[in-house]
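A short worksheet on the structure shown next.
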Amino acid sequence: MVGLQADSSRFRLPFSRVLVVEDEPRIRRALVAIFQDWGAEVRQASRVEGALAALEAPEPDLVVLDVRLPDGNGRAIVEATNLLSPRPTLIATSGLASAREAFELAQLGVELFVPKPFTRFSFESRVRAFLREEEARGSGEMGSSLSPETRALVTGRLSAFAAIHGLSVHEQELVRLAIAGVPRKRIPDILGVTDNTCKTRIRRLLRKCDADHLADIPRMLLLHSYE
């Protein structure tokens, strides 16, 4: 992370407690500084074991984690946050994670994925934009409002739904991300494709399903059994 100095003093983070999980000391220090500048109390960890311990009370409102850590995968941390109530917001970063790994993290509940390398300015911009979208969207996309049990039910119907509508593997990935409640603007990064490629795939998917918006498809799966 390049140490660009952004004007963080005027922005106040809508979270009081943040956990930063990053094994590279320089990046970890920079991330801690960003969230402290935004007015949050920040805890930090460099390994999965330390992160799991840091999830104990007082529980964080926001977790920022590297996908690859020396003693394991960030997936274990994500799964642990699913047991917390309320569940913290999750932001994942990585320069090594495959599109498949990023996709799986999104299914588990990661709301924002920031690929490495990034500058301080670009990271701050991505996080601010994400928070503005979340605030403007209110309750969020259809998938983000589903309980874990309902998500599992809807996902279980996807194979039959895909067969009926002739969905490709790529189009099924889009549906899974919609079920997970991933914002539209985050999908290209997760899938590792350009925004134009993503738009083309979504348009093709919507035509096949006779839907107007990507968020309509989880509703279709919820309202019909497709068995």
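The values are calculated or read from the model by the stated rules, or taken from the named source; none is laboratory data. Note that the structure is predicted; figures quoted are calculated from it, not measured. All Cβ positions, even for glycine, are placed from backbone atoms using ideal geometry, and neighbour counts span all protein chains on display.
Some notes on this structure:
- Unique match (being at pLDDT below 90 and either under 20 Å from F113 (Cα atoms) or not in a helix (DSSP H, G or I) (or both)) among L90, L65, L96, L31: L96
- Failed condition for F121, given (1) under 13 Å from the mean Cα position of the chain (by Cα); (2) surrounded by fewer than 18 Cβ atoms within 10 Å (Cβ to Cβ): (1)
- Taking the criterion of being at pLDDT 85 or above, farther than 14 Å from H224 by Cα and part of a helix (DSSP H, G or I), the residues of segment 143-177 that qualify are A163, V169, H170, E171, Q172, E173, L174, V175, R176, L177.
- Looking only at residues in segment 34-56 that are more than 21 Å from the chain's Cα centre (by Cα) and not in a helix (DSSP H, G or I), the one that is surrounded by the fewest Cβ atoms within 10 Å (Cβ to Cβ) is E56.
- The residues in segment 99-118 that are out of contact with any Leu (no Cβ under 9 Å at 6 or more places or on another chain) and within 18 Å of A180 (Cα to Cα) can be counted, and the count is 4.
- Inclusion of F130 among residues that are hydrophobic (A, V, I, L, M, F, W, C), modelled with pLDDT of 75 or more and in a loop (DSSP other than H, G, I, E, B) is not warranted.
- Subset tally (residues that are in a helix (DSSP H, G or I) and either in the same structural domain as G95 (by TED's automatic domain parsing) or not aliphatic (A, V, I, L, M) (or both)) for segment 178-189: 5
- If you filter segment 190-214 down to residues that are assigned to a loop (DSSP other than H, G, I, E, B) and surrounded by fewer than 13 Cβ atoms within 10 Å (Cβ to Cβ), you find that the one that is nearest to the chain's Cα centre (by Cα) is T194.
- The condition of being in contact with a Lys or Arg (Cβ under 8 Å, 6 or more places away or on another chain), of a type in the set (V, I, T) and either surrounded by 15 or more Cβ atoms within 10 Å (Cβ to Cβ) or within 27 Å of A129 (Cα to Cα) (or both) holds for only one of I217, I187, I179, that being I179.
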